[in-house]
Amino acid sequence: MATPVVTKTAWKLQEIVAHASNVSSLVLGKASGRLLATGGDDCRVNLWSINKPNCIMSLTGHTSPVESVRLNTPEELIVAGSQSGSIRVWDLEAAKILRTLMGHKANICSLDFHPYGEFVASGSQDTNIKLWDIRRKGCVFRYRGHSQAVRCLRFSPDGKWLASAADDHTVKLWDLTAGKMMSEFPGHTGPVNVVEFHPNEYLLASGSSDRTIRFWDLEKFQVVSCIEGEPGPVRSVLFNPDGCCLYSGCQDSLRVYGWEPERCFDVVLVSWGKVADLAICNDQLIGVAFSQSNVSSYVVDLTRVTRTGTVAQDPVQDSQPLAQQPPTPGAPLRRIYERPSTTCSKPQRVKQNSESERRSPSSEDDRDERESRAEIQNTEDYNEIFQPKNSISRTPPRRSEPFPAPPEDEMATAKEAAKPSPAMDVQCPMSNVEPAIIPATRNEPIGLKASDFLPAVKLPQQAELVDEDAMSQIRKGHDTMCVVLTSRHKNLDTVRAVWTTGDIKTSVDSAVAINDLSVVVDLLNIVNQKASLWKLDLCTAVLPQIEKLLQSKYESYVQTGCTSLKLILQRFLPLITDILAAPPSVGVDITREERLHKCRLCYKQLKSISGLVRSKSGLSGRHGSAFRELHLLMASLD
């Protein structure tokens, strides 16, 4: 899909490097829409304030990658499940571990907090669902029924039901008070990734990898409608707070749906890729997505999105807010959830008399506190967000303001208005200016104009273009391109032959000798996929080429150079610094002297590259994030 023009309807808010390694899970705080929690392969849980660059708090204690995270409704507690099956609950106000829950035998794939009690539900790769009492530190119920991994869990708004979605293509509804399954909803033909309860009615929505969204009636236990033809697997859905529509975070777009009958109200282009979670605050929808160690956040202005009424035909890009139409009179309305009062029937809690009683010390708790830490990295933001709720404040709480649209919108509008008319294009053709950075994915070739291949605008004084002239225009540069591609293919064959008869170092040397960066990029893209191929002498040959790649105008070259440099820094920088810091050996050791020479050469090259990385770390977007991550990894060189 072509990258859409950013308008005031949707825009990218920020991009951060969330972890030292890959991000494996994230979640938005649904109450504020301003708090973001991320879990990473570095076994940490990091908390962020949306649109602020610095981490607020980092939670440690897990010994394997964090696969799932979830915040409770008041955003006071956070639960995280790891690849090993352990679950940890932290109190964000007290900045300490609250509970460690053990019992699952495989990855934790999904978590959810009970809306009205200190209970947590967990779903695992072991196909089991468990309901935990946080206060008593024990498993209350275990629900069995799924045959594959449980990907999503959601409590109903009244806290009486639990919905589960799994890779076995089914959605199941569990009665918490009876401790058994109420109903099973088949129909999806692929793994079900997400379920969401309607905020008011007895209605459930489920999204699947089969590119469908199904709506289920929870009174009649049957399907209400099915929306097909999503652009990709459905991973994130969210009902509007008043229940008038459902938002679906699709590949590079937000779609707004109704279900009786099924229809699409609106489509908004958002270049967020595969969005992971959604939240709504101040009539703005916040979406977050992650790729490797980066997390990006996006904003959609819901006042400019059609949420009821007629079916949408095209993405919304109008400059005026859209008028909201009232719901259709006589629309079917199901039974409404009854929010429990203090005397409702729900999993009972023991009355809490004090803060110290809720966290009564024990030997296990002491061990948890020693193993787990909450590292507050931004005291000002921490005090602003997690100020204890029981403290007396004589000033009203500050309300969060909507995120402002970027100023580039007005500039884009002005450029669009100043664009010449088609007639002017014919009389005064625009010069073909090549961009400073050529993107890796683009919807038109660099150096060609689409107007060359479209029927020309006929003017009275303009002669008709004959077929021979048209063909020569189309074939212009074709022979040159064929020569370039043939030469590149021949060079790659040479490198491949050297690799077959020799080793990877010899093949890299041959690629460097050809003096063609495209061949080096093709070779590095293969070597980067297998870290075991990298040796110290290979680094000495590759690092000068990486410095050239980082300065290239081609985005794909820069990406390959960043990937190779990151791999070298992670695998060899500690070794290089240790060998250079070691005292000289006694006697003659040829092997050690050769290794020391290679380390000195690599260190000198890395120092040269570090200045380039530092200068580019201030860039915005994906490039800036990659260079900032490399700058952190190279901090020990300074």
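The values are calculated or read from the model by the stated rules, or taken from the named source; none is laboratory data. What you see is a predicted model, and the numbers here were worked out from it, not measured in a lab. Heads up, the Cβs are rebuilt from the backbone with ideal geometry, glycines too, and the neighbour counts pull from every protein chain shown. Ligands, DNA and RNA are stripped out before the accessible areas are found, and what is left, the full protein with its side chains, is counted by its heavy atoms. Shrake-Rupley method; radii C 1.70, N 1.55, O 1.52, S 1.80 Å.
For the range 180-191, give me each residue that is open to solvent by less than 30 Å² (accessible area, probe 1.4 Å) and either more than 24 Å from GLU228 (Cα to Cα) or in contact (Cβ under 8 Å) with a residue 40 or more places away in the chain (or both).
As a first pass, look at the range 180-191 and keep what is open to solvent by less than 30 Å² (accessible area, probe 1.4 Å): 183, 185, 188, 190.
The one that is open to solvent by less than 30 Å² (accessible area, probe 1.4 Å) and either more than 24 Å from GLU228 (Cα to Cα) or in contact (Cβ under 8 Å) with a residue 40 or more places away in the chain (or both): GLY190.
Restricting the first residue to the range 505-522 and requiring it to be free of Cβ contacts under 8 Å to residues at least 60 places away in the same chain and farther than 9 Å from VAL495 by Cα, which pairs with a second residue that is small (Gly, Ala, Ser) and not in a helix (DSSP H, G or I) meet a Cβ separation below 9 Å and a spacing of at least six or different chains? Matching pairs, first to second residue: LEU517/SER552; VAL521/SER552. Restricted to the range 195-269, the set of strands (runs of 3 or more DSSP E) holding at least 1 residues that are open to solvent by 50 Å² or more (accessible area, probe 1.4 Å) comprises 222-227, 253-259, 262-269.
Is it true that ILE438 is in contact with a Leu (Cβ under 8 Å, 6 or more places away or on another chain), modelled with pLDDT under 85, open to solvent by less than 90 Å² (accessible area, probe 1.4 Å) and not small (Gly, Ala, Ser)? No, not satisfied. Among the residues here, ALA149 does not qualify as within 22 Å of SER82 (Cβ to Cβ) and touching a Lys or Arg at 6+ places or on another chain (Cβ under 9 Å).
Looking at the range 77-99, is at least one residue under 25 Å from TYR298 (Cα atoms), of a type in the set (Val, Ile, Thr) and surrounded by 21 or more Cβ atoms within 10 Å (Cβ to Cβ)? For the range 77-99, residues under 25 Å from TYR298 (Cα atoms), of a type in the set (Val, Ile, Thr) and surrounded by 21 or more Cβ atoms within 10 Å (Cβ to Cβ): present.
Restricted to the range 115-136, and to residues there that are in a loop (DSSP other than H, G, I, E, B) and out of contact with any Lys or Arg (no Cβ under 8 Å at 6 or more places or on another chain), the residue that is nearest to ALA374 (Cα to Cα) is ARG136. Of the residues making up the range 505-552, just one is closer than 26 Å to ARG614 by Cβ and at pLDDT below 85, namely ALA531.
May I ask you to list the residues in the range 96-114 that are assigned to a strand (DSSP E or B), within 15 Å of ASP167 (Cβ to Cβ) and not β-branched (Val, Ile, Thr)?
First pass over the range 96-114, keeping only residues assigned to a strand (DSSP E or B): 96-101, 108-113.
Checking which are within 15 Å of ASP167 (Cβ to Cβ) leaves us with 108-110.
CYS109, SER110, listed by residue number.
Return yes or no: is ILE526 under 18 Å from LEU606 (Cβ atoms), part of a helix (DSSP H, G or I) and either open to solvent by 80 Å² or more (accessible area, probe 1.4 Å) or touching a helix residue (DSSP H, G or I) at 6+ places or on another chain (Cβ under 7 Å) (or both)? Here the answer is no, as ILE526 does not meet what is asked. Close contacts from the range 275-287, counting a first residue that is among the charged types (D, E, K, R) and a second that is assigned to a strand (DSSP E or B), with Cβ to Cβ under 7 Å and a gap of 6+ residues or different chains, come to ASP277/LEU26; ASP277/VAL27; ASP277/LEU28; ASP277/VAL288.
Close Cβ contacts (under 8 Å, 6 or more residues apart or on different chains) running from residues in the range 231-254 that are of a type in the set (Val, Ile, Thr) to residues that are open to solvent by 20 Å² or more (accessible area, probe 1.4 Å) comprise VAL234/ASN193; VAL234/SER209; VAL234/ARG211; VAL237/GLU196. So which residues in the range 67-113 are over 22 Å from ASN22 (Cα atoms) and touching a Pro at 6+ places or on another chain (Cβ under 7 Å), if there are any at all? THR73, GLU93, listed by residue number.
Among the residues of the range 163-179, those identified as under 17 Å from LEU218 (Cα atoms) and surrounded by 17 or more Cβ atoms within 10 Å (Cβ to Cβ) are ALA163, SER164, ALA165, THR170, VAL171, LYS172, LEU173, TRP174, LEU176.
Test LEU538 against the criterion of being in contact (Cβ under 8 Å) with a residue 60 or more places away in the chain, assigned to a helix (DSSP H, G or I) and open to solvent by less than 50 Å² (accessible area, probe 1.4 Å), and give yes or no.
no
In this structure, is SER156 polar (S, T, N, Q), in contact with a His (Cβ under 7 Å, 6 or more places away or on another chain) and open to solvent by less than 20 Å² (accessible area, probe 1.4 Å)? It is false that SER156 is polar (S, T, N, Q), in contact with a His (Cβ under 7 Å, 6 or more places away or on another chain) and open to solvent by less than 20 Å² (accessible area, probe 1.4 Å). Residues in the range 86-105 that are farther than 15 Å from ARG142 by Cα and not β-branched (Val, Ile, Thr): SER86, ARG88, TRP90, ASP91, LEU92, GLU93, ALA94, ALA95, LYS96, LEU98, ARG99. When ASP112 is tested against (1) buried (at least 21 other Cβ atoms within 10 Å of the Cβ); (2) more than 23 Å from PHE155 (Cα to Cα); (3) charged (D, E, K, R), exactly one condition is not met: (2).
Does LYS458 qualify as being open to solvent by 90 Å² or more (accessible area, probe 1.4 Å), at pLDDT below 85, of a type outside the set (Ser, Thr, Tyr) and within 25 Å of THR560 (Cβ to Cβ)? Considered against the rule, which asks whether it is open to solvent by 90 Å² or more (accessible area, probe 1.4 Å), at pLDDT below 85, of a type outside the set (Ser, Thr, Tyr) and within 25 Å of THR560 (Cβ to Cβ), LYS458 comes out as no. Listed by first and then second residue, the pairs with beta-carbon distance under 7 Å, at least 6 apart or on different chains, first residue in the range 591-613 and free of Cβ contacts under 8 Å to residues at least 60 places away in the same chain and open to solvent by less than 80 Å² (accessible area, probe 1.4 Å), second of a type in the set (Ser, Thr, Tyr) and not in a helix (DSSP H, G or I), are ARG592/SER585. Every test in (1) touching a Ser or Thr at 6+ places or on another chain (Cβ under 7 Å); (2) open to solvent by less than 20 Å² (accessible area, probe 1.4 Å); (3) in contact (Cβ under 8 Å) with a residue 40 or more places away in the chain; (4) part of a loop (DSSP other than H, G, I, E, B) is passed by GLN148 save one, and that test is (2).
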